[in-house]
Ligand SMILES: [Zn+2]
């Protein structure tokens, strides 16, 4: 080989190496540096007003309006990173000269934050005008600011979603940044609230159905306190949910604990303090008929209003199956088999010191549901630090069975694993739903 040829070969090799480096750097930039050029397509002649947004449980909801000229069609609210496009399935209704939109009519539906992939997304309105895509951005017309969300623990992994009101070329945009993260020590997936505490036993019952005396004892049989039964099932449920990989917080861990209703580490606030996605308040019922004469028994699940019943139905079906029980025959407040919605009556409202002047009978009765849910469930008690929060836990109150029904009391005492399994399986089935919908 001549000297010239060798030099040429070396030169070619250098060129190839240079090309290779440029390619690698280019590809890295393409994947690492978010390409926001798609935001240039935003039409800034109009912008959508966001009038409501919240995170309730694992779902995020938006309500808003936008003025758009008549020749724009196929309006959608989408999450996009410029490549992938997620349709939030929001509905658009025309009202006079503007469109009103909403991601869902249910508070526990909307954008399922658990189903979003890692990346840098923007929430935009997309339409078509003369068969060409057109995009509009959103502006914040609420008093609420940026939010963040930690996804449920899955195979020891968590993502953090930062939802920020941002600017792009002086246009207001809503950004979703989704990254893997280590879950901070004070953040949990699920809170279990074993009803009552050392200061309030809840219902009392004697194992043989004999009446509890006025001093709170049993003449015959063993005395059972609702507070202790709730705690035992809560501990069992915590173990089972941890076996499924979730990080679980109990509002109390001992029968000697005192748990306030409001304030730090309280039964109304712990779920939101720990950014839990679900709050499960465990209770047991009594009919008030003494002497083991009560025939009333079975499960009553109390839920918020305006919710999708998917998870509620799973709770009812699985508890019945694994705890070998039935749904309660009680008709008062029943909305579906085993599912109940209890509201204040006008009379009860008048007795409530915290009643807001404008609230009427559609106010949810149980604070465990109403106050834990913040603005999504109509919380109003100013003692609750989260009453005005738009980032709250989805909450359920379980009346697992009647303690003054001798037969049912036996099942509750002997079958706590079954009751816990019913609840844990329902959550697992609900969260493992791999349906393609982002709801
Ligand atoms: Zn109770």
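Bear in mind these aren't lab numbers, they're just calculated from the coordinates by the rules spelled out. Not measured: the values here are computed from a predicted model. Neighbour counts are summed over all protein chains in view; Cβ atoms, including those assigned to glycine, are modelled from backbone coordinates with ideal geometry.
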Quick one: which of 204-216, 318-330 comes out on top by average Cβ neighbours within 10 Å, and what's the full order, highest first? 318-330, 204-216
Stretch gain in nm, segment residue 213-residue 38, where the contour uses 0.36 nm per residue and the Cα spacing is subtracted: 55.7 nm
The convex hull of the Cα atoms of the range 89-154, divided by residue count, gives a volume in Å³ per residue of 155
Here the chain gives, from Cα atoms, an Rg and Dmax in Å of 27.4, 112
Ellipticity estimate at 222 nm from DSSP helix runs (n ≥ 4, -39,500 (n - 2.57)) divided over the chain, nearest 500: -7000 deg cm²/dmol
Modelled label-to-label distance, residue 45 and residue 141, 7 Å Cα→beta-carbon offset: nm? 2.0
Distance in nm between residue 11 and residue 67 label points, each 7 Å along Cα→Cβ, equals 6.6
Most to least packed among 74-84, 175-185 [average Cβ atoms within 10 Å]: 74-84, 175-185
Label-point separation in nm, residue 223 to residue 105, each point 7 Å along Cα→Cβ: 5.1
With 0.36 nm assigned to each residue of separation and the Cα-Cα distance removed, residue 287 to residue 131 gains 49.7 nm
Per the C-alpha gyration tensor (a ≥ b ≥ c, the square roots of its eigenvalues), the range 219-272 is rounded if a/c is under 1.5, else prolate if a/b beats b/c, else oblate; here it's oblate
Please say if the range 100-236 is rounded, prolate or oblate, where rounded means a/c under 1.5 for a ≥ b ≥ c the square roots of the C-alpha gyration tensor eigenvalues, and otherwise the choice is prolate for a/b larger than b/c and oblate otherwise? prolate
Over all alpha-carbon pairs in the range 160-222, figure out the percentage whose distance exceeds 19 Å. 66
Could you order peptides 233-241, 13-21 by the average number of other Cβ atoms within 10 Å of their residues, highest first? 233-241, 13-21
Rounded, prolate or oblate: which one fits the range 40-165, using the alpha carbon gyration tensor with axes a ≥ b ≥ c (rounded when a/c is under 1.5, else prolate when a/b beats b/c, else oblate)? prolate
For the residues 173, 335, what sequence is obtained by ranking on other C-beta atoms within 10 Å, fewest first? 335, 173
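Quick one: order 284, 196 by neighbouring beta-carbon count within 10 Å, fewest to most.
So the residues, fewest neighbours to most, are 196, 284.
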Could you list 46, 151 in order of exposure, starting from the residue whose Cβ has the fewest other Cβ atoms within 10 Å? 46, 151
Extension length gain for residue 257 and residue 308 (0.36 nm per residue less Cα distance), in nm, is 14.9 nm
